[in-house]
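What follows is a short report on a single structure.
The values are calculated or read from the model by the stated rules, or taken from the named source; none is laboratory data. Here the structure is a predicted model, which means the values were calculated and not measured. Cβ atoms come from the backbone with ideal geometry, glycine included; neighbour counts cover every protein chain shown.
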Amino acid sequence: MQNLKTLAPLAWRNLWRNTRRTVITLIVVSVGLWSVLFFNSFLNAWGQAGKDAVLDLLIGQGQIHAQGYMDDPSIERLMRPPEGTFLEALEAGEIGAWSMRLQLPGVVVSEYKTLPVNMVGVDPAAERILSSIPEKIVKGRYLLDAHDSSVILGISLAERLKTGVGRRVILMSQNVAGALSEQSFDVVGIYDADKATEDYYAFTGLVAAQKFVGLDDEIAQITFTIPEEEALESTVARLALAAPDLDVRPWKQLSLFLATTDSFMQNFIYIWLAVVFSLMAIGIVNTQLMAVFERTHEFGLLRALGMKPRQVLVLVALESTFLIGFGVLLGVALAGMTIWALADGIDLSAFAAGLEMFQGGQVLYPQYDAQRFVVFSLLIWVLGILVALWPAWRAAKLSPIEAMRQVT
């Protein structure tokens, strides 16, 4: 401890003997850490925006189907509305909202074209809480209630059918008797979503859809959302226990592409951290070695005056500790100010077409991640000190006689 009290002021003064080298090292450390912290917030915002955009459309954070429906989504594989213990589980506090749907494959016919479509019967009141589709109506109106026998089409599907609000289309799908039901529906609304949804999903009232194919109250799926993502696994397990004869799946099993993208976003930051630290390590080692070589005569004089090798090691290590520590603090401050400046969101709507291809959100909201701010900062600081120990060890191993022969 006494050595630290003596060596710390000396180490601090030594840093500013070569201001240029100190400033360069500070820039390397601070910019490197800034890139890691900001990139982490940016990737988290990108992943969350894309996830919200996709899940809020139709998937929710989980869905429940009859066994086998996901493999063969036909009218023979439906389920009854929830009741008893199952209904109580859905009404529990962990679930924010849930909605029943009847989704069946079919065909939509206009005056000009016939196209495949997924006919989805919904309860509009529940969908307004659960789905973003009602907010994406760009022409006309949304469905009024579950008995509404009108239809909502996507922009792309309406353009391909050459139809629009106020026109009529014919929907056809297999009914309970195994025959083909067909019925004329008024187009009352056009919605704007991603192209895949627009092309293949048409919405009508749940009761109207059930009557259309001759069902009583059977449904194809229950979609639910939860306020806390961390509670998803336990919620799925509890629902599966309450309805053991049904197929309960979280969103990661329903959208493999989105799950893969989310996992990539979570792990890519560590790859970036490794790249940044490798570059920082090269810079730190080079500058510290340069400092050691330039001060060879000085270290020899200190050894000749009685300073022990471990004291020389501690002196150089303290210089690196102070230098990297201040670089880390500067990097944290820069990252914090950058995220604060972008708190109102990063608007990427100019790249909407490309973002749609990758299921990305159009407005990103970077947020502070306190845990990773602390972890990454300490990691950079500790690893930087460890890297700087090699030049310190070289300085401690210098022979006093040979070192003093060096002319600076």
Within region 177-204, restricting attention to residues that are assigned to a strand (DSSP E or B) and of a type in the set (D, E, K, R), which residue is farthest from PRO105 (Cα to Cα)?
ASP186
The lone condition GLY360 fails out of (1) within 25 Å of ARG21 (Cα to Cα); (2) at pLDDT below 70; (3) of a type in the set (Gly, Ala, Ser) is (1)
Mind telling me which of the residues ALA353, ALA333 ends up being part of a helix (DSSP H, G or I), exposed (fewer than 15 other Cβ atoms within 10 Å of the Cβ) and modelled with pLDDT of 65 or more?
ALA333
Report yes if ALA281 is at pLDDT below 80, among the aliphatic types (A, V, I, L, M) and either surrounded by 19 or more Cβ atoms within 10 Å (Cβ to Cβ) or more than 23 Å from GLN48 (Cα to Cα) (or both), otherwise no.
yes
Out of the residues in region 238-263 that are in contact with a helix residue (DSSP H, G or I) (Cβ under 7 Å, 6 or more places away or on another chain) and hydrophobic (A, V, I, L, M, F, W, C), state the one that is surrounded by the most Cβ atoms within 10 Å (Cβ to Cβ).
LEU239
Taking the conditions exactly as written (under 19 Å from LEU258 (Cβ atoms), under 28 Å from the mean Cα position of the chain (by Cα) and surrounded by 21 or more Cβ atoms within 10 Å (Cβ to Cβ)), does GLY32 satisfy them or not?
no
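Listed here are the residues, each with its yes/no results for (1) within 30 Å of ALA231 (Cα to Cα); (2) acidic (Asp, Glu); (3) not in a helix (DSSP H, G or I).
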| site | (1), (2), (3) |
| --- | --- |
| ARG21 | no, no, no |
| GLY32 | no, no, no |
| SER41 | yes, no, no |
| ALA49 | yes, no, no |
| ALA92 | yes, no, yes |
